[in-house]
Amino acid sequence: MEEVVIAGGGLAGAVAACMLARAGCPTLLIEREIAPRHKVCGEFLSIEAQTYLAHLGIDLDDLGASRIKSVRLISGQRSAEVELPFTARGVSRMKLDEVLLNLAASRGAKVVRGCAVRTISFDERGIHARCAELGDLRPRTLFLATGKHDIRGVKRPTSGTTHDLVGFKAHFCLAKRQQSTLDGHVEIILFAGGYAGLQMIEEGTANLCLVVTQGRFKAVGRSWPDLLRTVSEETPALRKRLEGAVPLFERPLSISRVPYGFVHPSRTDEPQGLFRIGDQAGVIPSYTGDGMAIALHSGCLAASTYLTLGQASSTFHRQLKADIQHQIRLASLLYAATRHPFGRSAILRFCQAWPSVMRHVTSSTRLQDRVVQRVLVGP
Ligand SMILES: Cc1cc2nc3c(=O)[nH]c(=O)nc-3n(C[C@H](O)[C@H](O)[C@H](O)COP(=O)(O)OP(=O)(O)OC[C@H]3O[C@@H](n4cnc5c(N)ncnc54)[C@H](O)[C@@H]3O)c2cc1C
């Protein structure tokens, strides 16, 4: 029996498996998908995420990642542009997640794919994870890394979060001229009932992510083509970018009820030994492009806590909450402001008049460097 079982092989689960296996800890990672797949994600890698990936020896140039140096904020006819405080990278999750999972396996973690953990419960003997393909598991320590997907028995308490949203992702091959206009930038487009992010990733592919309220999606009869058409009509810049673009997916990927603003409470009745990582521990509004950094940070922090303190998951959750709650709160407040026409217009005017404030906000809504360094340097 492995010492640690990890449910979910996204970024959080895979990085935790890499760290545990490297330290010689017998680790079993269970991933639901049998083969690499695309995921709903803007695929914008912040500097903090890049720091963790570099620490693992992952070379983003080898993956063909794009470089992004500035952000363009767009709403209707208005736009404001500001240089990012770092060079971001763009790379598809299909590639990145696979590289990390392979790394975990090469370091000695046992990676089982095509199996899903169905329920988790607790009794006097500890943690009980039920998995149709592997049977009943009784790990002493379980890392819960199933991302946006909740498992029966350990659902996240999402009251107080914004969870009326639907997220979409599509890849496009843009017309040459639009590709060169977009190159080096990430465009954040605010519109009534949602926002979009557009950027280049590897191999001349553009990633478009749209996050809209269920109400906005319902208003167009839950039709993706109609949603894209109406948003493009409201945003000339987006309409232009997509002129002559070739969609690379038959239909977009989608996800609903993402609980923006969720931070796992550090005090719960869950037993020691259950470590929630990635989106299971905290969900930052996606426009910040820092969700992957939080996933990597939480996976590394959980592994290092386990390796030094054993099953002390409440210590881990307390530390993680202190590391991420401020930026998640700030990002959620700003997102709430963009839901009102006045808020969108005020944010745009503000950014046009004071680009340095926009730069400051892009820094304050992300994981702080000292927090990353603390985990990388270790106790
Ligand atoms: C619309 C949108 C855009 C975003 N854009 C960005 C961005 O540009 N930059 C950024 O940094 N972040 C972005 N994010 C956030 C980022 O995608 C997440 O924070 C990150 O993927 C979380 O990683 P994770 O490992 O926790 O979960 P995931 O990446 O979701 O991985 C979870 C894994 O668990 C597996 N799994 C699920 N259920 C089970 C089960 N029962 N048993 C076994 N395995 C299971 C899944 O197959 C999956 O592989 C975005 C999010 C959204 C919604």
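Since every read-out is calculated from the coordinates, none of them should be taken as a lab result. Everything numeric in this text was worked out from a predicted model, so none of it was measured. Because the Cβ atoms are built from the backbone with ideal geometry, glycine has one as well, and the counts that use them run over all protein chains shown.
Values as computed for the structure displayed
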item	result
Rounded tilt (10° steps) of 224-234 against the dominant C-alpha axis of the chain	50 degrees
Calculated FRET value between residue 203 and residue 243, using beta carbons and R₀ = 25 Å, to 0.05	0.75
Most mobile of 254, 286, 223 in a GNM of the chain (Cα contacts under 10 Å)	223
Förster-model FRET efficiency, 35 Å R0, residue 124 and residue 322, C-beta, rounded to 0.05	0.65
For the range 176-187, Karplus couplings with θ = phi - 60° (6.51, -1.76, 1.60), whole Hz, Gly/Pro x	3, 5, 5, 5, 6, 5, 7, 3, x, 10, 10, 9
Convex hull per residue volume in Å³, alpha carbons only, for the range 280-375	86 Å³
Relative contact order (%) - the chain, alpha-carbon pairs under 8 angstrom, separation at least six	22 percent
Calculated FRET efficiency for the pair residue 33/residue 373, C-beta based, R₀ 35 Å, to 0.05	0.60
Virtual spin-label span in nm between residue 315 and residue 110, 7 Å along Cα→Cβ	2.8 nm
Cα-based Rg and Dmax for the range 128-252, where Dmax is the largest Cα-Cα distance (Å)	19.1, 57
Ranked 191, 143, criterion: other C-beta atoms within 10 Å, fewest first	191, 143
Listed residues 233, 48, 124, most fluctuating in the chain (Gaussian network, C-alpha, under 10 Å)	124
Order of 166, 117 - criterion: other Cβ atoms within 10 Å of each residue's Cβ, fewest first	166, 117
Stretchable slack from residue 266 to residue 140, in nm (0.36 nm times residue separation minus alpha-carbon distance)	43.4 nm
Net length gained if the chain between residue 219 and residue 155 were fully extended (0.36 nm per residue, minus Cα distance)	20.1 nm
For the range 28-79: rounded, prolate or oblate by the Cα gyration tensor [a/c cutoff 1.5]	oblate
In degrees, nearest ten, helix 11-22 long axis to first principal axis of the chain (Cα)	40 degrees
C-alpha long axis of helix 355-364 to longest principal axis of the chain, angle in °	10 degrees
Across 39/176; 69/110; 69/95; 218/321; 69/218, pairs whose alpha-carbon gap is larger than 30 Å	69/110; 218/321; 69/218
Ratio Rg/Rh [Cα only; Rh per Kirkwood] for the range 1-156	1.06
GNM flexibility winner over the chain from 74, 151, 30 (Cα, springs under 10 Å)	151
Size descriptor, Kirkwood hydrodynamic radius, that averages inverse alpha-carbon separations across the chain, Å	21.1 Å
Neighbour-count ranking [beta-carbon atoms within 10 angstrom, fewest first] of 217, 342	342, 217
Projected-area mean, the range 76-162, by convex hull of Cα positions, square nanometres	10.9 nm²
Full-extension gain in nm, residue 363 to residue 329, via 0.36 nm per residue minus C-alpha separation	10.9 nm
Rg [Å, one decimal], Dmax [Å, integer] - the range 1-49, C-alpha atoms	12.8, 37
